[in-house]
Amino acid sequence: MKIAFVGKGGSGKTTLSSLFVRHLAATGAPVVAIDADINQHLGAALGLDDADAAALPALGEHLPLIKDHLRGANPRIASADQMIKTTPPGEGSRLLRVREDNPVYDACARPVELDGGAVRLMVTGPFTDADLGVACYHSKTGAVELCLNHLVDGRDEYVVVDMTAGSDSFASGMFTRFDITFLVAEPTRKGVSVYRQYKEYARDYGVTLKVVGNKVQGQDDLDFLRDQVGDDLLVTVGHSDWVRAMEKGRPPRFELLEEVNGRALRTLHTAADATYGLRDWARYTRQMVHFHLKNAHSWGNERTGADLAAQVDPGFVLGEEVTAPA
């Protein structure tokens, strides 16, 4: 299952996404965790020290390798240089799978040991001073979008993405790449404003959106969220001494997480699993093509000097049964 955590800056989405990754690891599930936020904090939230977190390889720095691998033997793509972030797979493309070993994971993923097992962690890389005036952060998340376009995950396999804050997620079609999106919202007007934006933007794309109320301290906070987001409110999370210890770099064993917060994570897990039966690979593929053609027309054709619409394989539908060249 592909799962996104979104929300305004400071809402707690990175903390909650890291807790969910820890929860999945404790169940023994295979997990790929991706930090796609401009503030690269997921590694630290998963227990890496500053040096190890800083040493994680950035996806954007390995884009030529990623493109070359995913292109495979697809005859519709003349060269890896002509692939853009929205290029969809077709006959002959290589695909990524959660459990496999491949050159992309070798170069860009690192194992992180957690209670109960290890997860693969991938990061976009930070937005540095060298990027100012040259590129926007969306160019860095393009590597994530390209990988998600070529990723096939099955039941009880999980890809968890900590997305960039606010409504910046809508700068590309990446917001449609997920089975479920958890929007982390505080019980404040600013906290729910991102929810309203997300709900409006995603309305026409069949995005499954659920709200996780964070920093909820009492009935008044709960009533406020229920009034603002209605049935989209899935669960709420309050204060956690376990999280406070984790943020100090001294996390207890995960099994010691407060039971009320453990139940909240199990609720998220159940909600994510419930979307498996709703998967529509044909719609998923159509959405990839839609955003690819949109990007090709607006900037891709001019940048690459090619007609990128020709990359679309009209007979190809991504799905679990699709095989790809070795």
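Count the lysine pairs in the chain whose Cα atoms sit under 12 Å apart, keeping only pairs 8 or more residues apart in sequence or on different chains.
Taking the Cα cut-off of 12 Å, the pair count is 6.
Please report the relative contact order for the range 1-158, taking Cα pairs under 8 Å with a sequence separation of at least 6, and give it as a percent rounded to a whole number. It would help to have the intermediate numbers written out before the result.
Details: 231 pairs, mean separation 56.8, N = 158.
Once normalised by length, the contact order is 36 percent.
Quick one: in the chain, what % of C-alpha pairs are over 35 Å apart?
18
Rounded to the nearest 10 Å², what accessible area does Arg266 have for a 1.4 Å probe in the complete protein model?
100
Treating the beta-carbon of each Lys and Arg as +1 and of each Asp and Glu as -1, no other charges, what is the dipole magnitude of the chain about its Cα centre, to the nearest 20 debye?
Charge dipole, the chain, about its Cα centre: 460 debye, nearest 20.
Taking the solvent-accessible surface of protein heavy atoms with a 1.4 Å probe, what is the per residue accessible area of the chain in Å²?
45
Dipole of the chain (Lys/Arg Cβ +1, Asp/Glu Cβ -1, origin at the Cα centre): which of Asn261, Gly238, Ala271 lies farthest to the positive side?
Ala271
I'd like the distance between the alpha-carbon centres of the range 208-272 and the range 280-322, rounded to an integer number of Å.
If we compute the Cα centre of each part, the gap is 37 Å.
I'd like the carbon and sulfur percentage of the solvent accessible area for the chain, probe radius 1.4 Å, heavy atoms only, ligands and nucleic acids excluded.
Ligands and nucleic acids excluded, carbon and sulfur reach 49 percent.
So what is the relative contact order of the chain, in percent, for Cα pairs below 8 Å that sit 6 or more residues apart?
It comes to 27 percent, rounded to a whole number.
Using a 1.4 angstrom probe on the protein heavy atoms only, could you order Thr270, Thr181 from most to least accessible area?
Values: Thr270 95, Thr181 0 Å².
Reading off the accessible areas and sorting them downward yields Thr270, Thr181.
Kirkwood Rh over alpha-carbon pairs of the range 183-302, then Stokes-Einstein at 25 °C and 0.890 mPa s: what D in µm² s⁻¹, rounded to an integer? Provide the component values of the computation, followed by the final result.
Working: Rh = 17.1 Å.
D, rounded to a whole number, is 144 µm²/s.
From the protein chains alone at 1.4 Å, what is the descending order of accessible area for Val235, Val184, largest first? Show your work: numbers first, answer last.
Numbers: Val235 25, Val184 0 Å².
From most exposed to least exposed: Val235, Val184.
How big is the Kirkwood radius of the range 63-118, worked out from every pair of different alpha carbons and given in Å to one decimal?
Result for the range 63-118, one decimal place: 12.7 Å.
For the chain, what is the percent of antiparallel DSSP beta bridges, rounded to the nearest 5?
Numbers: 5 of 34 bridges.
For the chain, the DSSP antiparallel bridge percentage is about 15.
How big is D, in µm² s⁻¹, for the range 1-155 by Stokes-Einstein at 25 °C and 0.890 mPa s if Rh is the Kirkwood radius over C-alpha pairs? Spell out each step's value before the answer.
Working: Rh = 16.3 Å.
D, rounded to a whole number, is 150 µm²/s.
The values are calculated or read from the model by the stated rules, or taken from the named source; none is laboratory data. These figures come from a predicted structure and were not determined experimentally. Neighbour counts are summed over all protein chains in view; Cβ atoms, including those assigned to glycine, are modelled from backbone coordinates with ideal geometry. To get the accessible areas, we keep the full protein, side chains included, count just its heavy atoms, and leave off ligands, DNA and RNA. Shrake-Rupley method; radii C 1.70, N 1.55, O 1.52, S 1.80 Å.
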